[in-house]
Amino acid sequence: MTHSTAENEISYSALKIVSDNMTELIYVSIPDTKELVFVNRALADTLAVTPDFLIGKNCCKTIGDKMGGICETCPIDELPREERRAIKTSRLSEFRSAASGKWYLVQDAVIEWEDGRDACMRTATEITSRKEYEQQLKQKASTDSLTGVINRDRGYDLLHMTLEYADHPLRDMSLVFIDVDGLKQINDTFGHDCGDETLVKIVEFINSGTRKNDVLFRWGGDEFILLLECAVDSAKNIVDGIQKKLVEFNATKTLPYDLAFSCGIVEFALTDDLSTPEKIIAVADAAMYENKISKRI
């Protein structure tokens, strides 16, 4: 790249020296033309080219295409020219590269380039490890530690969100309230470790008999809720299939006690009286209780 004055050359050289010894990805482009006027070594290495190869090229057609997603966070296009200098300091955003799957924290600043034109300087710092850690914390906060299914709080939120779309004419929804049979007796007779194993095994059987979009979460103790995207007749067929697998397992006498659960099934939509999570769960809970009582008769 050529420069009109020694002063500009020193400025360019200083930027190159500093940025080429950084792990952050840095480039400078001209908003009106998308022309790249500076690319540091870390970014060029990421794209498997040399910095000189990128100078003068269109930033969207090179960096944007190869990194995938970075152009979507660019603040320049959405701002009138007279407002660009308003982000002289910095503007932060996050994006995930569609090409590599890595996460970056992007800092944008509008600067005056050496030829007097407005330019956008972008600095992208990889934050993949941080995002993965955040995701782990989020998953841990929404997961039941024993069974690995969604916990009560997250399950309630999902049920609430499901209700917002439950009145769609092409989407039938059913809720199954599940109560594990005989857990107290198992705990008292064989110990709490066996009680925990019972819950884990029951969850495994339920998951093996449900579909990808079905949602199971622990409501508390020995109670679980299963959200099924189907009408009540289909929901009954799914539950019957799970119950059949439990009967077959119990016949093997693998455990010194039987695995079983009682349940209540209810179909719901915004158009009927079951318009809140509390109402739906109450009706399904009552149906489950009747199912459990009938087993004792």
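The values are calculated or read from the model by the stated rules, or taken from the named source; none is laboratory data. Nothing here was measured: the structure is a model prediction, and the numbers come from that model. Using ideal geometry, Cβ is built from the backbone for each residue, glycine included, and neighbour counts are taken over all protein chains shown. Heads up: the accessible areas ignore ligands, DNA and RNA and are worked out on the full protein's heavy atoms, side chains in. Shrake-Rupley method; radii C 1.70, N 1.55, O 1.52, S 1.80 Å.
Collect the residues in the range 109-131 that are out of contact with any helix residue (DSSP H, G or I) (no Cβ under 9 Å at 6 or more places or on another chain), under 21 Å from F95 (Cβ atoms) and without any contact (Cβ under 8 Å) to a residue 24 or more places away in the chain, keeping them in residue-number order.
S129
Taking the stated definitions as given, is T147 β-branched (V, I, T) and more than 27 Å from T23 (Cα to Cα)?
So T147 fits the description; yes.
Considering only the range 23-36, state which residues are open to solvent by less than 30 Å² (accessible area, probe 1.4 Å) and within 23 Å of L105 (Cβ to Cβ).
L25, I26, Y27, V28, S29, P31, L36
Take the range 1-32 and flag every residue that is part of a loop (DSSP other than H, G, I, E, B), modelled with pLDDT under 80 and of a type in the set (S, T, Y).
T2, S4, T5
Yes or no: the range 28-35 includes at least one residue that is closer than 19 Å to E112 by Cα and among the acidic types (D, E).
So far as the range 28-35 goes, yes, one or more of its residues are closer than 19 Å to E112 by Cα and among the acidic types (D, E).
Just give me the residues in the range 239-254 being of a type in the set (A, V, I, L, M, F, W, C) and open to solvent by 30 Å² or more (accessible area, probe 1.4 Å), in sequence order.
Answer for the range 239-254, where residues must be of a type in the set (A, V, I, L, M, F, W, C) and open to solvent by 30 Å² or more (accessible area, probe 1.4 Å): V247, F249, A251.
Quickly run through the range 199-237 and pick out the residues that are of a type outside the set (G, A, S), buried (at least 17 other Cβ atoms within 10 Å of the Cβ) and free of Cβ contacts under 8 Å to residues at least 40 places away in the same chain.
I206, T210, D214
Has the range 211-229 got any residue that is assigned to a loop (DSSP other than H, G, I, E, B), of a type in the set (D, E, K, R) and more than 32 Å from the chain's Cα centre (by Cα)?
no
Looking only at the range 159-171, which residues are surrounded by 17 or more Cβ atoms within 10 Å (Cβ to Cβ) and either modelled with pLDDT of 85 or more or among the charged types (D, E, K, R) (or both)?
L159
With aliphatic (A, V, I, L, M), closer than 30 Å to L25 by Cβ and either open to solvent by less than 90 Å² (accessible area, probe 1.4 Å) or at pLDDT 90 or above (or both) as the only criterion, which of V149, V106, V176 stands out?
Matching residue, one of V149, V106, V176: V106.
Of all residues in the range 244-297, how many are among the small types (G, A, S) and at pLDDT below 90?
Going through the range 244-297 one residue at a time, the tally reaches 3.
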